[in-house]
1. Which of the residues that make up the stretch B:142-151 are part of a helix (DSSP H, G or I) and touching a residue at least 24 places away in the same chain (Cβ under 8 Å)?
2. Can A:Ile300 be described as surrounded by fewer than 21 Cβ atoms within 10 Å (Cβ to Cβ), in contact with a Phe, Trp or Tyr (Cβ under 6 Å, 6 or more places away or on another chain) and within 14 Å of chain B (Cβ to nearest Cβ)?
3. Criterion first (over 27 Å from the mean Cα position of the chain (by Cα), modelled with pLDDT of 95 or more and either more than 9 Å from every other protein chain (Cβ to nearest Cβ) or open to solvent by 30 Å² or more (accessible area, probe 1.4 Å) (or both)) does A:Ser105 satisfy it?
4. Would you mind stating whether B:Glu99 is closer than 18 Å to A:Lys265 by Cα and either surrounded by fewer than 19 Cβ atoms within 10 Å (Cβ to Cβ) or modelled with pLDDT of 95 or more (or both)?
5. Could you tell me which of the residues B:Ala306, B:Ala289 is more than 10 Å from every other protein chain (Cβ to nearest Cβ), in contact (Cβ under 8 Å) with a residue 60 or more places away in the chain and either in a strand (DSSP E or B) or small (Gly, Ala, Ser) (or both)?
6. Residues that are under 23 Å from B:Ala313 (Cβ atoms) and free of Cβ contacts under 8 Å to residues at least 40 places away in the same chain: does the stretch A:113-130 have at least one?
7. Among the residues of the stretch B:210-232 satisfying the criterion of being assigned to a loop (DSSP other than H, G, I, E, B) and β-branched (Val, Ile, Thr), which is surrounded by the most Cβ atoms within 10 Å (Cβ to Cβ)?
8. With the requirement that a residue be open to solvent by 40 Å² or more (accessible area, probe 1.4 Å) and β-branched (Val, Ile, Thr), what does the stretch A:130-148 give you?
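The values are calculated or read from the model by the stated rules, or taken from the named source; none is laboratory data. If you're wondering where the values come from, they're calculated on a predicted model, not measured in any experiment. Heads up, the Cβs are rebuilt from the backbone with ideal geometry, glycines too, and the neighbour counts pull from every protein chain shown. Just the protein is used for accessible areas: all its heavy atoms, side chains included, with ligands, DNA and RNA removed. Shrake-Rupley method; radii C 1.70, N 1.55, O 1.52, S 1.80 Å.
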Number of protein chains: 2
Amino acid sequence: MRSNLLPETPFLVLDVDLVKENTKKMSHRLAKAGVSLRPHVKTAKCLEVALIASGGQPGPITVSTLKEAEQFAGAGFNDILYAVGMIPSKLEHCRALIEKGLHLSLICDNVDSAQALSAFGTIHNLHLPCLIEIDVDSHRSGVKPNDIDTLTRVGNALGRNLCGVMTHAGDSYNAHSVDAISAAAELERLGVVTAANHLRAIGLPCPVVSVGSTPTATFGKSFEGVTEVRAGVYMFQDLVMAGLGVCGYSDIALSVITSVIGHRKDMGWLLTDAGWMAMSRDRGTAKQALDQGYGVVCTIDGVVIADLIVSGANQEHGIVSLRENSAAGKTLRLEEYPIGTLLRVLPNHACATAAQFDEYHLISGRQANGFELVGTWPRFRGW
Amino acid sequence: MRSNLLPETPFLVLDVDLVKENTKKMSHRLAKAGVSLRPHVKTAKCLEVALIASGGQPGPITVSTLKEAEQFAGAGFNDILYAVGMIPSKLEHCRALIEKGLHLSLICDNVDSAQALSAFGTIHNLHLPCLIEIDVDSHRSGVKPNDIDTLTRVGNALGRNLCGVMTHAGDSYNAHSVDAISAAAELERLGVVTAANHLRAIGLPCPVVSVGSTPTATFGKSFEGVTEVRAGVYMFQDLVMAGLGVCGYSDIALSVITSVIGHRKDMGWLLTDAGWMAMSRDRGTAKQALDQGYGVVCTIDGVVIADLIVSGANQEHGIVSLRENSAAGKTLRLEEYPIGTLLRVLPNHACATAAQFDEYHLISGRQANGFELVGTWPRFRGW
């Protein structure tokens, strides 16, 4: 274990080999389906990871903040979709990025934003390519695919800036079977293609038809009419994805290393130093068939310890215990995990857990020598 | 509103006047009760806030990470309690801090850690003052107050490093009335005083008797036998504290400023750009009588908008709607909140929301000129 050589716990670990495998798998799948991939970098917020996802050279990416756009544009990514509804107060920031040479696409779902965007473009003689956001599952924002009136008005307000439609099947995260995810994917595809056809029918251009979520990208059966897929979590995978059947535990590239700091024999608990400040407060598996608490506990080498989860969390304390419905009579032998034992915790939600740290400590899953760090990659945050 | 002068949303705001009032109130209360205050800086992680809480000059503080100890020691705070169970792999880090002149106290609740600590102290000829952690409510770690056997063994293992006992009545966060909090405070006091007396009865020294949580510090009726109180959230307050009756909405010093980015008339939703990345995933009010979703929505000037909460959150999207049990027939007039409208959101849990940002934008609640930023204070994170 060579704990003297390791950073102080808790720290964040990324298995580079798994990132390569996960991204290769998705790239191959979509290439085979004949559709482009525009990786979402909001999970990783890391240049090195985005480069792997793009096949080694900067490619088209999706971002969730203008901070991400700035960071990635500065590193040579020059085709970026900012996939959160544009508002007038952020247009000056976009302009600064565009004037540095970035091809930045925006999204909007309402006439007011569309008019403001067009007016801004006219004043500054700027092309501001914009997709209309479509809502396929009442998940958050967007125009309904058959709301032809709104589509027409937003499309006309965007004028020459209109360049297509996009959607995100967020409800696919709540699916209870692979078939349900495939159905969500088809709903996603149909919705956005329908909206695109409405726009074309009234003479508006719609070259880009963009969909995306890791579950639907994984289990979608057809991408007919779709020009690009956006997804992000697939690079790392996590317990929510495992619960959906998108991946297995052994595909999860992200984990938190923690130390055992105490025992509660009366409660059947191990105490660790990875509380919610390290794991995040995300409880995304709470509504799944298998509630994983704040994470699944593994040995330092990544072997899952059956039924052991982070069942509770304070700011800097994790409570590790057997899951409630653990095999009858099975009890946790605390003495097998003395004070200082290093454990590895798989997170519910990679986006949320990664955001709690400023760097990834890298491991390479195929090493024969046990747990060894082979480098670090920085990550950023903020807006 | 002068939105052109403001940072891009979402951003974090701290009302300095409220911090001063909240800290003054707690300091006066505990001074009157004849007990010392050792503010917990894990909520703020900000030197300027810690100085206010300490009355203008560095005083004794509590930290939850060695990173906090480092940052505050570097700024002149030279009496620090690190209130998370010590493990051997962190002792070298402690030693480095102590050798720079810091009076650093540690805690432990088991013989193995106590022996390791003492051995390390002997080898390095170092005094490592250590409190025994006591568990009063089965909340997380600690020795039970009447577990005389363990107390004796840990106390003896600590030897000359033993300097007292400490506890945290974490269960007070789950109380349903002020009386229940007072009862939790009495349980906290009795538990730790009992443990102290057990140690003294077997001839071990126990000068420090430390308790702490914001609810119990606020509603405890007696501090007899207690030498110091630790608390942190009281500096900012939050919706969990408001739900407990510890404060009112108007005492909450921390908030997030967000922009309306869209409307969903069919759903009765405003979409904003403060999702869980800004608010954190903390749902601490979910188990309270009044579930506040991801936060209570106010006008930019801080006036609470009745029944309007952040009912859902994606990474960079907040869904704002009327609470489910809102007065019958009342509907949200979306047109009153056009695209770009700035809103202010009070957080469930100040520790978690503040941790999502790198700086506080300061406001002064008593300004007559509406919403105006008067400066920034940095905050740090990590371990």
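1. If the condition is that a residue be part of a helix (DSSP H, G or I) and touching a residue at least 24 places away in the same chain (Cβ under 8 Å), then B:Ile148, B:Thr150, B:Leu151 are the ones that fit.
2. Yes.
3. Here the answer is no, as A:Ser105 does not meet what is asked.
4. no
5. Matching residue, one of B:Ala306, B:Ala289: B:Ala289.
6. Looking through the stretch A:113-130, at least one residue is under 23 Å from B:Ala313 (Cβ atoms) and free of Cβ contacts under 8 Å to residues at least 40 places away in the same chain.
7. B:Val226
8. Scanning the stretch A:130-148 gives a single hit, A:Ile148.
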